[in-house]
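Worksheet: the structure to be examined is printed underneath.
The values are calculated or read from the model by the stated rules, or taken from the named source; none is laboratory data. Just so it is clear, the model here is predicted, and its values are computed rather than measured. Note: ideal-geometry Cβ built from the backbone for every residue, glycine included; neighbour counts use all protein chains shown. All accessible areas refer to the heavy atoms of the entire protein, side chains included, with ligands and DNA or RNA removed. Shrake-Rupley method; radii C 1.70, N 1.55, O 1.52, S 1.80 Å.
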Amino acid sequence: MFKPYSALALARHAFSPDRPWPRAWRAPEPKSSYDAIIIGGGGHGLATAYYLAKNHGMRNVAVLERAYIGSGNVGRNTTLIRSNYVIDGNTQFFEHSLKLWESLSHELNFNCMVSHRGQIVLATSPVQLDTYARRGNIMRLNGIDAELLDRGQVMALLPYLDYSKEARWPIWGGILQGRAGSVRHDAVAWGYARAADTLGVDIIENCEVEGFIMDEGRAVGVETSRGRILAGKIGIAVAGHSSHVAKMAGLRLPIESHILQAFVTEPVKPMVHHVVSWGAELFYLSQSDKGGMVFGGHIDGFNTYTQRGQFPRIQTVAECAVSLLPFMSKLRLLRHWGGIMDMTPDGSPFICRTDIRNLYFNGGWCYQGFKATPASGWTFAHTIAHDEEHELNRCYALDRFAKGRELDDYGIGNWTYKQ
Amino acid sequence: MRIPCPHCGERDVSEFRYGGDATKTRPKHGEGDLKAWHDYYFLFDNPKGPHTEYWQHVLGCRHWFKLTRNTATNEIGEVG
């Protein structure tokens, strides 16, 4: 049933409106057993299923999604991609992800609208600029593009910032990663779903996992709202609700669920041609293809599963926006929303085996789940297929805190968001 | 969200600081193996539902208190 998308197919369908486009993926009934099932039909779960089939020849695979494809965090994020990390482990993992993003549209035969518009992280003090020089050196030693910008160079690229003497945040410079940018997030979900389905993966929507079936300490299947499904291997990829699902298997995780808000203004003409961010409040902003300014900041600060944000955070993020980019005071907020993040002690994720045989865990994505999607699926598929972590995700084990192997990219200790 | 401070009454969440899960028991100093400390510091029940937690009225009376909040709805139940 797979028909590749192409310019020719587009023309053919334009001239024969009586033949609608076929469904992008099937809607199969769940089978009684699979070689592997992935819980969670978000970007990470779908990517995992795709790479299980593509890289490891495992095609008797199902993805179980509680609601519908694209309904979770994969459709609620702010679509940025980058690989400007400092700590060994994160640096190589996120660069691998960025390389997979570069060819993703061709890989999936689906236009993911990958835009390498570049990200500029602003320095508002000389000390901050020094730390960016260090970060840039680390990136370049790992073969990642990074360019340190002085104030004049930032002025040329981002003329709309506040450069006045009264500026609340004086611009000292910044660091540019040219290959960073943005991707159409829904297309990532749909593209992976369609490509995985094409390789034989069953994508089962409206199928909520309600419990695990254990046999002598091994996970052998799940009870779902659509019946019992047995599986040789089970992967959890439900970031935001990781604790909730893992608890059914008797696991307690180093994770708290927090809400992160995001905002979009009314659309205006093209003006912001990069991703602009500022580390102090984790503030970032880009302009969408529709023209809206998409921006956000820190989490609200207490654990919650509600997707409703609190007003104090809206105020803080808006203050950041207006003090760095004065034009933002003229724009009206079109909408804002909240997504639930798995927050971890060191701000880094988990892609690993668990203490339960045949049960694998992917979660703890904090603020960085979207950009990690391809590499997350790629390495999680490897971990599930080989029952062993790949070199790229060996650092993302659940026991790293017990072993003193934190990946603290901010360099300020555990639970930074609580300090 | 508004939080009922036992001393000052109901105030906006912006006046408060969240203090985390109040059901955990810290191992006594000098006691407990590494695993007990690891589990105390790093692991969380993180329930979707009722959660007993600490808050401090940091921009008010600075009182620390416990309350129960439903993390699925932010509805606040028992305080104190």
| Based solely on its DSSP helices, what 222 nm [θ] is calculated for the protein assembly as shown when runs of n ≥ 4 H residues each add -39,500 (n - 2.57) and the sum is averaged over all residues, nearest 500 deg cm²/dmol? | -7500 deg cm²/dmol
| Can you list the trypsin sites (Lys or Arg not before Pro) in the range A:148-183 that are in a DSSP coil and have 13 or fewer other beta carbons within 10 angstrom? | A:LYS165, A:ARG168
| request: Please identify which residues in the range A:314-335 have an amide N closer than 14 Å to a label point set 7 Å out from the Cα of A:MET271, following the Cα→Cβ vector. | output: A:321-334
| query | How high is the relative contact order of chain A, in percent, with contacts defined as C-alpha pairs under 8 Å that are six or more residues apart? | reply | 22
| query | Expressed in whole Å with the largest first, what are the equivalent ellipsoid semi-axes of the range A:1-99 derived from the C-alpha gyration tensor as the square root of 5 times each eigenvalue? | reply | 30, 22, 15
| query | Nearest 100 Å², what total accessible surface is buried between chain B and chain A (probe 1.4 Å)? | reply | 2200
| note | Reported to the nearest 10 Å², A:GLU319 has, with a 1.4 Å probe, an accessible area equal to 100
| request: Roll a 1.4 Å probe over the protein chains and send me the accessible area per residue for the range A:1-103 in Å². | output: 47
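Hey, what does the equivalent ellipsoid look like for the protein assembly as shown, semi-axes from the Cα gyration tensor as sqrt of 5 times each eigenvalue, largest first, whole Å?
Value: 34, 32, 23 Å, ordered largest first.
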| request: Give me the angle, in degrees from 0 to 90, between the Cα long axis of helix A:369-386 and the longest principal axis of the Cα atoms of chain A, rounded to the nearest 10. | output: 30
| field | DSSP beta bridge pairing in the protein assembly as shown, given as percent antiparallel to the nearest 5 | value | 75
| Per residue accessible area of the range A:321-419, 1.4 Å probe, in Å² | 39
| message | Just to be sure I understand the interface: list residues from the range B:20-61 that lose 40 Å² or more of accessible area between the chain on its own and the complete protein assembly, 1.4 Å probe. | response | B:HIS38, B:TYR41, B:PHE42, B:LEU43, B:PHE44, B:ASP45, B:ASN46, B:LYS48
| remark: log10 I(q)/I(0) for chain B, Debye formula on C-alpha points only (no solvent), q = 0.11, 0.26 Å⁻¹, two decimals, reads -0.34, -1.18
| note | Comparing each residue of the range A:301-319 in the complete protein assembly with the chain by itself (heavy atoms, probe 1.4 Å, ligands and nucleic acids ignored), those losing at least 10 Å² of accessible area are A:GLY301, A:PHE302, A:ASN303, A:THR304, A:TYR305, A:THR306, A:ARG308, A:GLN310, A:PRO312
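So, R0 is 51 Å and r is the distance between the beta-carbons of B:ALA36 and A:ALA9; what FRET efficiency does that work out to, to 0.05?
0.25
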| said: Once each part is reduced to its C-alpha centroid, what is the distance from the range A:32-63 to the range A:154-220 in angstrom? | reply: 19
| So what is the accessible area of the range A:224-316 per residue, in Å², with the probe set to 1.4 Å? | 36
| remark: Of A:LEU334, A:LEU407, A:LEU398, the most mobile residue in a GNM of chain A (C-alpha springs, cutoff 10 Å) is A:LEU334
| remark: Computed on Cα atoms, the radius of gyration and Dmax of the range A:161-250 in angstrom are 22.5, 69
| task | Give a quick list of trypsin sites (Lys or Arg not before Pro) in the range A:1-100 that DSSP marks as loop, anything other than H, G, I, E or B, with at most 11 other Cβ atoms within 10 Å. | result | A:ARG23
| Additional length obtainable on full extension of the chain from A:ARG252 to A:SER71, 0.36 nm per residue less Cα span | 62.6 nm
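Please report, in debye to the nearest 20, how large the charge dipole of chain A is about its Cα centre when each Lys and Arg carries +1 at its beta carbon and each Asp and Glu carries -1 there.
Once rounded to the nearest 20, the dipole reads 860 debye.
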| So which cysteines in the protein assembly as shown don't have a second cysteine's C-beta under 4.7 Å from them? | A:CYS112, A:CYS207, A:CYS320, A:CYS352, A:CYS366, A:CYS395, B:CYS61
| DSSP-loop trypsin sites (Lys or Arg not before Pro) across the range A:301-374, with at most 11 other Cβ within 10 angstrom | A:ARG332
| request: With the full set of protein chains in place, find how many percent of the accessible area of the range A:208-349 is carbon and sulfur; take the probe as 1.4 Å. | output: 54
| task | Can you tell me the dipole magnitude for the range A:227-305 around its Cα centre, using point charges on the Cβ only (Lys, Arg +1; Asp, Glu -1), in Debye to the nearest 20? | result | 480
| remark: Place a point 7 Å from the Cα of B:VAL58 in the direction of its beta carbon; the residues of the range A:392-419 whose amide N falls under 14 Å from it are A:416-419
| query | From a point 7 Å beyond the Cα of B:VAL79 in the direction of its Cβ, which residues of the range B:24-66 have a backbone N at a distance under 17 Å? | reply | B:51-66
